[in-house]
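S.K.: What follows is a structure written as structure tokens; I'll ask about it next.
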Amino acid sequence: MASSNYDGILLGMGNPLLDISAVVDEEFLTKYDVKLNNAILAEEKHLPMYDEMSSKFNVEYIAGGATQNSIKVAQWMLQIPGATSYMGSIGKDKYGEAMKKDATAAGVNVHYYEDESAPTGTCGVCVVGGERSLIANLSAANCYKVDHLKKPENWALVEKAKFYYIAGFFLTVSPESIQLVSEHAAANNKVFTMNLSAPFICEFFKDVQEKFLPYMDFVFGNETEARTFSKVHGWETEDVEQIAIKISQLPKATGTYKRTTVITQGADPVVVAEDGKVKKYPVIPLSKEKLVDTNGAGDAFVGGFMSQLVKGKSIEECVKAGCYASNVVIQRSGCTYPEKPDFN
């Protein structure tokens, strides 16, 4: 396929956040009531955390946010400028400028809504023993308006795309935007994908998540999120393979595509459910001393997966690319990668 056919083929929408990442200690986690391997929204008690991290630990600032990470990784894997687009809301400040510069340099066509009243969102990434915990202070990311999406130059990105990816986190911000995109995808036989993203989304945003499930052609998630989803839906099973099958068999809005569920399990095999059957794919083994941090591992997996999905590759190829991308990212700090991928 000529590179012009890939122009804007993949569109992401989500919460652009600047990651404030540091290796912290157990004491710090306890002080702010933070559990490893979790992702939460910041409450009042967490707000002093960001400054304390900057003053106490060796902090790195990395442009992040789940969907933006995935789109950047897909762009990196594709190596075709402008193959991906992204929308979300940032503030008019230096963090917002840094974000724009970073995403544009990565080759992503970003159309941010710039909010006048709130600072660019940040995400505290606390790393202990390679495991990460995320505490997101959405700020401007929470201000995305469906009116921005409806502007002709932005809606043009929706019309141009053939694949869509939205992390579950965006359900808390702009369900109206998700509705427009998911309905457009369904009406035009395009591929709409989402992520379970975090246990709290499955628990506290169950209704809005359920509303969009029929539109999801691919559902991504990890084992913790899958088990939470099962519990919330009263399925009474902790078996990830069973849960993946059940999610894939929930009703669909259109009959164009069957739903595929893709659940990552850290170092354990990736579980893929479609057609009532499960396939498992091993991940690339990595020794503990090579693990830097797991921040962005799941996002990178989705980015790698989507980079091959848009090329019409098999599920097996998509999973391989996902495993490759997450393997690269967990050996680096944050969701970052070398200049060129070494994937064939």
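S.K.: What are the pairs with Cβ atoms under 8 angstrom where one residue, in segment 14-37, is within 16 Å of ASN137 (Cβ to Cβ) and the other, located anywhere, is open to solvent by 60 Å² or more (accessible area, probe 1.4 Å) and part of a loop (DSSP other than H, G, I, E, B)? Sequence gap at least six, or different chains.
M.R.: Once the first residue is within 16 Å of ASN137 (Cβ to Cβ) and sits in segment 14-37, its partners that are open to solvent by 60 Å² or more (accessible area, probe 1.4 Å) and part of a loop (DSSP other than H, G, I, E, B) give ALA22/ASN58.
S.K.: Let me ask something else. In this structure, is LYS231 under 19 Å from LYS150 (Cβ atoms), free of Cβ contacts under 8 Å to residues at least 40 places away in the same chain and not hydroxyl-bearing (Ser, Thr, Tyr)? First the steps, then the outcome.
M.R.: Numbers: under 19 Å from LYS150 (Cβ atoms): no; free of Cβ contacts under 8 Å to residues at least 40 places away in the same chain: yes; not hydroxyl-bearing (Ser, Thr, Tyr): yes.
When the stated conditions are applied, LYS231 does not pass them.
S.K.: Within segment 299-313, is even one residue hydrophobic (A, V, I, L, M, F, W, C), in contact with a strand residue (DSSP E or B) (Cβ under 8 Å, 6 or more places away or on another chain), surrounded by fewer than 24 Cβ atoms within 10 Å (Cβ to Cβ) and outside any loop (DSSP other than H, G, I, E, B)?
M.R.: Within segment 299-313, not a single residue is hydrophobic (A, V, I, L, M, F, W, C), in contact with a strand residue (DSSP E or B) (Cβ under 8 Å, 6 or more places away or on another chain), surrounded by fewer than 24 Cβ atoms within 10 Å (Cβ to Cβ) and outside any loop (DSSP other than H, G, I, E, B).
S.K.: Does segment 314-344 hold any residues that are assigned to a loop (DSSP other than H, G, I, E, B) and without any contact (Cβ under 8 Å) to a residue 12 or more places away in the chain, and which are they? Give the derivation first.
M.R.: First, pick out the residues of segment 314-344 that are assigned to a loop (DSSP other than H, G, I, E, B): 314, 330-344.
Across segment 314-344, the qualifying residues are SER314, PRO338, GLU339, ASP342, ASN344.
S.K.: Related question: Which residues, counting only those in segment 4-23, are polar (S, T, N, Q) and within 13 Å of THR67 (Cα to Cα)? Show your work before the answer.
M.R.: Of the residues in segment 4-23, the ones polar (S, T, N, Q) are 4-5, 15, 21.
ASN15, the sole residue that qualifies.
S.K.: While we're here: Is at least one residue of segment 30-39 open to solvent by 60 Å² or more (accessible area, probe 1.4 Å), touching an Asp or Glu at 6+ places or on another chain (Cβ under 9 Å) and part of a helix (DSSP H, G or I)?
M.R.: Checking segment 30-39: at least one residue is open to solvent by 60 Å² or more (accessible area, probe 1.4 Å), touching an Asp or Glu at 6+ places or on another chain (Cβ under 9 Å) and part of a helix (DSSP H, G or I).
S.K.: When you scan segment 47-164 for helices (runs of 4 or more DSSP H) that lie fully inside it, which ones turn up with 2 or more residues that are modelled with pLDDT of 95 or more and closer than 22 Å to PRO175 by Cβ? Spell out how you get there, then give the answer.
M.R.: Working: elements: 49-56, 66-78, 94-105, 146-150, 152-160.
Result: 66-78, 146-150, 152-160.
S.K.: In the set GLU60, GLU97, which member is open to solvent by 10 Å² or more (accessible area, probe 1.4 Å) and free of Cβ contacts under 8 Å to residues at least 24 places away in the same chain?
M.R.: Criteria check complete, one pass: GLU97.
S.K.: Sticking with this structure for a sec: Tally time: how many residues in segment 4-13 are surrounded by fewer than 18 Cβ atoms within 10 Å (Cβ to Cβ) and either without any contact (Cβ under 8 Å) to a residue 60 or more places away in the chain or of a type in the set (A, V, I, L, M) (or both)?
M.R.: 2
S.K.: Any idea how many residues of segment 1-29 are among the small types (Gly, Ala, Ser), in a loop (DSSP other than H, G, I, E, B) and in contact with a Ser or Thr (Cβ under 9 Å, 6 or more places away or on another chain)? Let's see the steps before the verdict.
M.R.: Keep residues of segment 1-29 that are among the small types (Gly, Ala, Ser), which gives 2-4, 8, 12, 14, 21-22.
Still in the list and also in a loop (DSSP other than H, G, I, E, B): 2, 8, 14.
Filter once more, so that each one left must be in contact with a Ser or Thr (Cβ under 9 Å, 6 or more places away or on another chain): 8, 14.
Total satisfying the criteria: 2.
S.K.: State which residue pairs qualify: first residue without any contact (Cβ under 8 Å) to a residue 60 or more places away in the chain and inside segment 244-255, second residue in a helix (DSSP H, G or I) and not acidic (Asp, Glu) in any location, beta carbons under 6 Å apart, and separation of 6 or more residues or different chains.
M.R.: LEU250/LEU213; PRO251/PRO214; LYS252/PRO214
S.K.: Show me the helices (runs of 4 or more DSSP H) found entirely inside segment 190-293 where at least 2 residues are closer than 24 Å to GLU176 by Cα and open to solvent by less than 10 Å² (accessible area, probe 1.4 Å). Working first, answer last.
M.R.: Numbers: elements: 199-204, 206-212, 223-232, 240-248.
Passing ranges, in order: 199-204, 206-212.
The values are calculated or read from the model by the stated rules, or taken from the named source; none is laboratory data. In this text, all values refer to a predicted model and were calculated from it rather than measured experimentally. Using ideal geometry, Cβ is built from the backbone for each residue, glycine included, and neighbour counts are taken over all protein chains shown. To get the accessible areas, we keep the full protein, side chains included, count just its heavy atoms, and leave off ligands, DNA and RNA. Shrake-Rupley method; radii C 1.70, N 1.55, O 1.52, S 1.80 Å.
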